[in-house]
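Participant: Here it is: the structure, laid out below.
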């Protein structure tokens, strides 16, 4: 009888420790807001993506400065071109390689999703 009680306690303890540890590995990726400024290197209208060489950005973006990131564009992404006195809406097809852009969005895992892309960002210290 004592063996069964001890065995039952061991099973309960192991289960109590293992289940939360396993469940922790199944958490969805953390969603982190990002802001970056860079230069467009490619636009893929079919895949709805924009590849940007990162020049500067917030703390989420800092590890990617000098590298390229591919940003997903969704139907909810606002695409704008800076014009005086205010920004005007554009389409994904209006973006082209070489455009200076600011991008705001969310990084989830390794997926960059834009909520807004504005053409006409100032690339301080860049040619």
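Participant: Determine if region 71-78 includes at least one residue that is without any contact (Cβ under 8 Å) to a residue 60 or more places away in the chain, closer than 19 Å to residue 56 by Cβ, surrounded by fewer than 17 Cβ atoms within 10 Å (Cβ to Cβ) and more than 13 Å from the chain's Cα centre (by Cα).
Facilitator: No, there is no match, as no residue in region 71-78 is without any contact (Cβ under 8 Å) to a residue 60 or more places away in the chain, closer than 19 Å to residue 56 by Cβ, surrounded by fewer than 17 Cβ atoms within 10 Å (Cβ to Cβ) and more than 13 Å from the chain's Cα centre (by Cα).
Participant: In region 42-70, which residues are buried (at least 16 other Cβ atoms within 10 Å of the Cβ), closer than 18 Å to residue 30 by Cβ and free of Cβ contacts under 8 Å to residues at least 24 places away in the same chain?
Facilitator: If the condition is that a residue be buried (at least 16 other Cβ atoms within 10 Å of the Cβ), closer than 18 Å to residue 30 by Cβ and free of Cβ contacts under 8 Å to residues at least 24 places away in the same chain, then 57 is the only one that fits.
Participant: Suppose we filter 36, 9 for residues that are at pLDDT below 70 and either surrounded by 10 or more Cβ atoms within 10 Å (Cβ to Cβ) or in contact with a strand residue (DSSP E or B) (Cβ under 9 Å, 6 or more places away or on another chain) (or both); which single one remains?
Facilitator: Working: 36 fails: at pLDDT below 70.
Step by step, each of 36, 9 is checked, and only 9 is at pLDDT below 70 and either surrounded by 10 or more Cβ atoms within 10 Å (Cβ to Cβ) or in contact with a strand residue (DSSP E or B) (Cβ under 9 Å, 6 or more places away or on another chain) (or both).
Participant: Keeping to region 83-103, report how many residues are surrounded by 15 or more Cβ atoms within 10 Å (Cβ to Cβ) and over 13 Å from residue 69 (Cβ atoms).
Facilitator: 7
The values are calculated or read from the model by the stated rules, or taken from the named source; none is laboratory data. Predicted model, so just to flag it, every value in this text is computed and none were measured. Virtual Cβ from ideal backbone geometry, glycine too; neighbours counted across all protein chains shown.
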